[in-house]
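The values are calculated or read from the model by the stated rules, or taken from the named source; none is laboratory data. These numbers were taken from a predicted model, which means no experiment stands behind them. Positions of Cβ are backbone-derived with ideal geometry, glycine not excepted, and every protein chain shown enters the neighbour counts. These area figures cover heavy atoms from the full protein model, side chains too; ligands, DNA and RNA do not enter into them. Shrake-Rupley method; radii C 1.70, N 1.55, O 1.52, S 1.80 Å.
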Amino acid sequence: MPVITNIDDLKRLYQRRVPRMFYDYAESGSWTEQTFRENTSDFEDIRLRQRVAVDMTGRSTATQMVGQDVAMPVALAPVGLTGMQCADGEIKAARAAEAFGVPFTLSTMSINSIEEVAEATSAPFWFQLYTMKDQDYLSRLIERARAANCSALVITLDLQILGQRHRDLKNGLSAPPKLTIPTMMNLATKWRWGIGMLGAKRRDFGNIVGHVQGVSDPSSLMAWTGEQFDPSLDWDKIAKLKEQWGGKVILKGILDADDARMALKVGADAIVVSNHGGRQLDGALSSIRALPAILDAVGDKVEVHLDSGIRSGQDVLKAVAMGAKGTYIGRAFTYGLGAMGQAGVTRALEVIHKELDVSMALCGRRRVDELDRDILLVPEDFEGRWQ
Ligand SMILES: Cc1cc2nc3c(=O)[nH]c(=O)nc-3n(C[C@H](O)[C@H](O)[C@H](O)COP(=O)(O)O)c2cc1C
């Protein structure tokens, strides 16, 4: 058993064990990958203020996200094709999240279906919705999430059309993978992954295959998004979806203060400051840099969450101390899943939890509600001066 002490350890193991097509799918950003890179490097620009001689006993990382108790302010982000990183990946990740006491968000583009995840877990999970042109299908999808007792609907707003990741095109990304010669040569070196996949409940898009028609290639993410996703999504439609759902709604993919105000207007329960992990608009600001302006605009009126770039408990600490009420991890848990299945997701959560707890203590804070800007050293021009 390898000794895993940080998220990078899981990433290395993940790269060894998972077919290149799916590693590249996760470990890419769009176009030049500037936003993808800055999501992590901008966290490094913020330093922490060490405090001493503060009683550190009785610490807790527990808090709430959209009124739900969480063991730490971290949820698993919706990650499409999770079940291609590891057999039954969504089920394994959801189980790890449940055992740890953090929310799991199931992507519309998951491999395991809503029903399969619901059957394999007992805690309610969150469902992430991509809006499709087919209104009947969309209504049925919302009904399926309701029937599965999902406790929040996460509507993703930053992917009406798909950003381009060069490697997905070059690799011919599909689920299941098409057996070209380069793919077969690569798969031959990933026997652990292959054996797992032979026993998987499912190897296609569980929420859509068989539920929607009119897609030229059912195994291709690019074909689904190009042909089915609704490019006409606007705030009126979002307000209607909220009404239709009737429960907690989290709007994901906000990077601009004006959009945050619109999200507030339609009555979001929370917003996620996110650039989709640098996978959509290359050249957009990193989430952590965009956060302060959004907090200034709406932070006292709506719960503000953040994702994109979180690779450690210190990143969580920085986002929360800046003012976010919660964070999400996408790649960090995906590395764990590809490396070691459910145990790897648990390990990713343990690593992040420990880093958060120890860093809080060394900053002289015992509880999440005590985290504030006072423990951060933020460069004066961190938000940047943009015209
Ligand atoms: C491989 C991969 C697939 C993703 N699929 C989805 C998805 O289906 N729906 C969605 O809303 N976001 C999706 N995202 C974005 C994540 O929810 C999240 O915003 C992002 O991963 C956060 O950045 P991080 O990976 O640096 O933590 C995906 C991200 C990755 C890495």
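For this structure, a couple of remarks:
- Checking the stated criteria, ALA147 turns out to be open to solvent by 10 Å² or more (accessible area, probe 1.4 Å), modelled with pLDDT of 95 or more and more than 11 Å from the ligand (Cβ to nearest atom).
- Given (1) in contact with a strand residue (DSSP E or B) (Cβ under 6 Å, 6 or more places away or on another chain); (2) open to solvent by less than 20 Å² (accessible area, probe 1.4 Å), index of the condition ALA87 fails: (1)
- Residue match in the stretch 300-314 (condition: within 12 Å of the ligand (Cβ to nearest atom), out of contact with any helix residue (DSSP H, G or I) (no Cβ under 8 Å at 6 or more places or on another chain) and either open to solvent by less than 30 Å² (accessible area, probe 1.4 Å) or of a type in the set (S, T, N, Q) (or both)): yes
- Residue tally, condition closer than 28 Å to ASP357 by Cα, open to solvent by 80 Å² or more (accessible area, probe 1.4 Å) and in contact (Cβ under 8 Å) with a residue 40 or more places away in the chain, over the stretch 19-56: 7
- Residues being under 21 Å from the mean Cα position of the chain (by Cα) and either within 16 Å of ARG311 (Cβ to Cβ) or small (Gly, Ala, Ser) (or both) - total across the stretch 24-57: 16
- The stretch 109-134: number of residues that are within 24 Å of ALA96 (Cβ to Cβ), touching a residue at least 40 places away in the same chain (Cβ under 8 Å), open to solvent by less than 20 Å² (accessible area, probe 1.4 Å) and not aromatic (Phe, Trp, Tyr): 8
- Looking across the stretch 364-381, the residues that are in a loop (DSSP other than H, G, I, E, B) and either open to solvent by 50 Å² or more (accessible area, probe 1.4 Å) or at pLDDT below 95 (or both) come down to ARG366, ASP372, GLU380, ASP381.
- Failed criterion for TYR137 (all others in (1) over 21 Å from VAL266 (Cα atoms); (2) of a type outside the set (Asp, Glu); (3) open to solvent by less than 20 Å² (accessible area, probe 1.4 Å); (4) at pLDDT 95 or above hold): (4)
- Picking from residues in the stretch 153-170 that are outside any loop (DSSP other than H, G, I, E, B) and within 13 Å of the ligand (Cβ to nearest atom), the one that is surrounded by the fewest Cβ atoms within 10 Å (Cβ to Cβ) is ARG167.
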